[in-house]
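A short write-up of the structure that comes next.
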Amino acid sequence: VRADKLDLARSLGATHVVDASRQDVADAVRGITGSGVDYAFVAVGAESVVQQAWESLASAGTCVVIAFLSSGKTVTIDPTRLIARECRLIGSRYGSSQPAIEFPRLVDLYMAGRLPIDKLITKWYPLEEINEAHRALAAGENARGLIVF
């Protein structure tokens with residue numbers, strides 16, 4: 001919903017972007033793909049985003065929720081999409097990987113210049129500004145803020 005985030009997505013290789021503040025996400029995705037997506041990944045902790053991803057799925061598609069939502073929040077699932085279209089809704093923590101194995105691989109990719117983590121860090125904060133970092137995160141102002149100890 002922010003132009004700067006859409007520009008960042010493009011700079012990181014996104015071939016298409018959808019501004020959720022200006023158009024219906026599921027309709028736009030189906031317009032781009034013709035039938036919906038095989039996989040939708042939810043990296044924003046909002047029920048509305050899970051709903052949009054679910055509604056963007058093609059038949060036999062999978063919605064993977066990687067963001068944490070507040071406890072007690074709910075998402076409405078159309079049972080027709082679930083059963084007749086055989087869609088799946090799953091959660092994943094750290095990509096369902098083994099961090100002791102995968103994190104060193106990610107570091108190696110970063111060190112080799114093949115994982116552009118620096119492009120995701122939009123602001124560095126000293127520890128004294130941790131409250132400001134949390135405020136900016138909640139406001140969606142940064143792709144990612146990094147606290148420097």
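The values are calculated or read from the model by the stated rules, or taken from the named source; none is laboratory data. Everything quoted here is computed from the prediction, not taken from an experiment. Cβ sites come from the backbone with ideal geometry, for glycine too, and all protein chains shown count toward neighbours. When the accessible area is computed, the model is the full protein with side chains, heavy atoms only, and any ligands, DNA or RNA have been set aside. Shrake-Rupley method; radii C 1.70, N 1.55, O 1.52, S 1.80 Å.
Give me the accessible area per residue for the chain, probe 1.4 Å, as a whole number in Å².
69 Å²
Gaussian network model of the chain, Cα springs within a sub-10 Å range: biggest mean-square fluctuation belongs to which of Ser96, Ser71, Ser59?
Top of the fluctuation ranking is Ser71.
So what is the calculated 222 nm ellipticity per residue for the chain, using -39500 (n - 2.57) for each DSSP H run with n of 4 or more, over all residues, to the nearest 500 deg cm²/dmol?
-11000 deg cm²/dmol, from helical runs alone.
With springs connecting C-alpha atoms under 10 Å apart, model the chain as a Gaussian network and identify which of Ile121, Ile101, Ile90 has the largest mean-square fluctuation.
Comparing Ile121, Ile101, Ile90 in a Gaussian network model of the chain, the most mobile one is Ile101.
For the chain, set up a GNM with springs between Cα atoms under 10 Å and report which of Phe68, Phe41, Phe103 has the largest fluctuation.
Fluctuation is largest for Phe103.
Residue separation times 0.36 nm, minus the C-alpha to C-alpha distance between Ser71 and Ser21: what's the value?
Here the segment from Ser71 to Ser21 would lengthen by 15.5 nm.
Write out the trypsin sites (Lys or Arg not before Pro) in the range 58-125 meeting two conditions: DSSP loop, and at most 16 other Cβ atoms within 10 Å of their Cβ.
Hits after loop and neighbour filter: Lys73, Arg85, Arg93, Arg114.
Among Leu120, Gly61, Leu146, whose Cα sits farthest toward the positive end of the charge dipole of the chain (+1 at Cβ of Lys/Arg, -1 at Cβ of Asp/Glu, about the Cα centre)?
It is Gly61, whose Cα lies furthest towards the positive end.
Using the alpha-carbon centroid of each, what span in Å lies between the range 81-111 and the range 1-66?
17 Å
Quick check: pseudo-label points 7 Å beyond the Cα along Cα→Cβ at Met111 and Trp124, how many nm apart are they?
With each label point 7 Å from Cα toward Cβ, the separation is 2.0 nm.
Enumerate the aspartates and glutamates that Lys73 could reach by cross-link, defined here as Cα to Cα under 13 Å, with residues fewer than 8 away along the same chain left out.
The reachable aspartates and glutamates, counting only those whose Cα sits under 13 Å from Lys73, are Glu47.
Restrict the search to the range 26-126; then list the GluC sites (Glu not before Pro) that DSSP places in a loop and that have at most 12 other Cβ atoms within 10 Å of their Cβ.
For GluC sites (Glu not before Pro) across the range 26-126 that sit outside H, G, I, E and B with at most 12 neighbouring Cβ atoms in 10 Å, the list reads Glu86.
Mind running the shape call on the range 1-109? Use the C-alpha gyration tensor, a ≥ b ≥ c as the square roots of the eigenvalues: rounded below 1.5 for a/c, prolate if a/b tops b/c, oblate otherwise.
Oblate shape, in that a/c is at least 1.5 and b/c is the bigger or equal ratio.
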